[in-house]
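Enquirer: Have a look at this one before I ask anything.
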Amino acid sequence: MTPFPDEGQGHRFIVTGATGTLGRNFLQEIAGSSKIETLALLRSNSAPEMKFDRVRYQRVDFFSRQEVAAVIQEFKPTSLIHCAASGMRFPRPEWFELIRFNVDVSLGLCESVSKIPGCQFVYISTGLSYRDQGRKLRESDPLDTEHPYGASKAAADMLMRAAAAEFGVPLVVLRPFSFSGPGDTSTRLFPSLLRAAAEQKPFDLSPGDQIRDHCAAQDIARGITQAVLRKPELGPGTHVFNLGSGSTVCLKELVRDVVEQLGLDVRLNFGARDYARFEPKYLAADISQAKELLHWRPRVNFASAIWELARESFPDLKLKKPRASL
């Protein structure tokens, strides 16, 4: 856990997305600190698999701006960390429903925060928002994609920055690239890999020549913490940071490396399926700004994050324990 310094009345966090991988890891990152009061907002039909001390959980209708605004006004957070999103699990929601949650709900939260003097808004965007540049992506690169999830987050990202400028909201936009780790129960790549191994089935993949940047979920969560801790040093206005490993290995090499480090018994069928629709060929982060201004860099060996995920979600798998740190 990252230590929080003494600071006046302390920290009051509202966190969305507590049932997702990133929200869960962020709550675990701050769990137990006596300097933080945390309210986790849940969708009406969701429940966290793991609860943490000093965190209060409350269900809300995110589409009711009046209800959400009242909760935020009553709690008066010092930071609102918006991790919740729609569209990264399969089957994906209907296209326009995805847009309504990722754009409309996000702007409604920003509107409510604008009425809490000094409250920081930490918006979790995504590296999928960028236009593929065939190189590591920088925060100044254009946002432009037809990927449904990426496009919805890009739209919210742009509108959020415009709203923050208009209403004077201290805003940090974090653009995490691919991540996984404890709590990742999705149908994404690495939970699916472990699931195939647990079921003793071959694992079908795309050709795997895409360049990908995968980071431990614990590291991305620590990036959020650093964004909050560095609030006084960052100052007013909007600040944008990529969070990722900075690695530029191809997907085939990454998957094989994780399988080897874990001693995972699974047959990999590269090329057995086509590339996913709209997926970029080159998706990797330039993380120099996060290193310089957030004093953040990845610490966790990605294979170790997958080992922790396996130990939690697939306990019957017999695996080697890889090194923990990079």
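Enquirer: Apply the a/c threshold of 1.5 to the C-alpha gyration tensor of segment 115-261 and tell me whether it is rounded, prolate or oblate.
Expert: On the way: a/c = 2.37, a/b = 1.91, b/c = 1.24.
The shape class here is prolate.
Enquirer: May I pose another question? Rounded to the nearest 20 Debye, what is the dipole magnitude of segment 206-292 about its Cα centre when Lys and Arg each give +1 and Asp and Glu each give -1 at the C-beta?
Expert: Details: 11 positive and 12 negative charges, 42 e Å.
In debye, rounded to 20, segment 206-292 gives about 200.
Enquirer: Taking the 0 to 90 degree range and rounding to the nearest ten, how far is the long axis of helix 148-167 tilted relative to the main principal axis of the chain, both from C-alpha atoms?
Expert: 20
Enquirer: Next question. Can you give the extra length, in nm with one decimal, that the chain gains between residue 167 and residue 45 once fully stretched, where that is 0.36 nm per residue apart less the Cα-Cα distance?
Expert: Working: separation 122, 0.36 × 122 = 43.92 nm, distance 3.24 nm.
Length gained, residue 167 through residue 45: 40.7 nm.
Enquirer: Take the alpha carbon gyration tensor of segment 23-121, find the square roots of its eigenvalues, order them as a ≥ b ≥ c, and report rounded if a/c is under 1.5; if not, report prolate when a/b exceeds b/c, else oblate.
Expert: Oblate is the answer for segment 23-121, as a/c is 1.5 or above yet b/c matches or exceeds a/b.
Enquirer: Still on this structure, please answer the following. For the residue pair residue 201 and residue 295, what label-to-label distance in nm results when each label sits 7 Å from Cα along the Cα-to-beta-carbon direction?
Expert: That separation, rounded to one decimal, is 4.7 nm.
Enquirer: When a/c reaches 1.5 or more, the comparison of a/b and b/c decides; with that in mind, is segment 107-171 rounded, prolate or oblate per its Cα gyration tensor? Let's see the in-between values first.
Expert: On the way: a/c = 3.00, a/b = 2.16, b/c = 1.39.
Prolate.
Enquirer: Cα centroids of segment 107-158 and segment 159-229: how far apart, whole angstrom?
Expert: 14
Enquirer: List 101, 26, 314 from most exposed to least, where exposure is judged by having the fewest other Cβ atoms within 10 Å. Write down the numbers at each step before the final one.
Expert: Details: 101 19, 26 30, 314 15.
Least crowded to most crowded, the residues run 314, 101, 26.
Enquirer: While we're looking at this one, here's another question. Among 306, 36, which comes first, then next, by fewest other beta-carbon atoms within 10 Å? Show your work: numbers first, answer last.
Expert: Working: 306 27, 36 18.
Least to most surrounded, the residues fall as 36, 306.
Enquirer: Could you check the simple spin-label distance between residue 65 and residue 31, using points 7 Å along Cα→Cβ, in nm with one decimal?
Expert: 3.6
Enquirer: Which of the listed residues, 319, 171, 221, is farthest toward the dipole's positive end in the chain, when Lys, Arg count +1 and Asp, Glu count -1 at the beta-carbon?
Expert: Value: 319.
Enquirer: Compute the length gained on full extension between residue 104 and residue 249: take 0.36 nm times their separation in residues and subtract their Cα-Cα distance, giving the result in nm to one decimal. Mind showing how you got there, number by number?
Expert: Details: separation 145, 0.36 × 145 = 52.20 nm, distance 3.57 nm.
My answer for the length gained is 48.6 nm.
Enquirer: Also: Mind ordering 257-263, 192-198, 134-140 by average Cβ neighbours within 10 Å, highest first? Spell out each step's value before the answer.
Expert: On the way: 257-263: 17.4, 192-198: 19.4, 134-140: 15.3.
By packing density, highest mean first, the sequence is 192-198, 257-263, 134-140.
Enquirer: Still on this structure, please answer the following. Could you compute the FRET efficiency for residue 325 and residue 277, with r as their C-beta to C-beta distance and R0 at 35 Å, rounded to 0.05? List each step's numbers first, then the result.
Expert: Values: r = 36 Å, r/R0 = 1.04.
Computed FRET efficiency for residue 325 and residue 277 comes out at 0.45.
Enquirer: Separate question: I need the calculated FRET efficiency for the pair residue 132 and residue 56, taking r as the beta carbon distance and R₀ as 35 Å, to the nearest 0.05.
Expert: On the way: r = 41 Å, r/R0 = 1.18.
That gives a FRET efficiency of 0.25.
Enquirer: Further, regarding this structure: To the nearest 20 Debye, how big is the dipole of the chain about its Cα centre, given +1 on the beta carbon of each Lys and Arg and -1 on that of each Asp and Glu? Working shown, then result.
Expert: Values: 42 positive and 38 negative charges, 98 e Å.
Dipole of the chain, to the nearest 20 debye: 480 debye.
Enquirer: Test of understanding: ordering 295, 82 by Cβ neighbours within 10 Å, fewest first, what list do you get? Walk me through the numbers on the way to the answer.
Expert: Details: 295 11, 82 24.
Placing the least packed residue first, the sequence is 295, 82.
Enquirer: Taking the Cβ-Cβ separation of residue 257 and residue 144 as r and a Förster radius of 30 Å, what is the calculated FRET efficiency to the nearest 0.05? It would help to have the intermediate numbers written out before the result.
Expert: Working: r = 31 Å, r/R0 = 1.04.
After rounding, the FRET efficiency stands at 0.45.
Every number in this text was worked out from the coordinates using simple rules, so none of it is lab data. Treat the numbers as computed from the prediction; the structure is a model and nothing was measured. Virtual Cβ from ideal backbone geometry, glycine too; neighbours counted across all protein chains shown.
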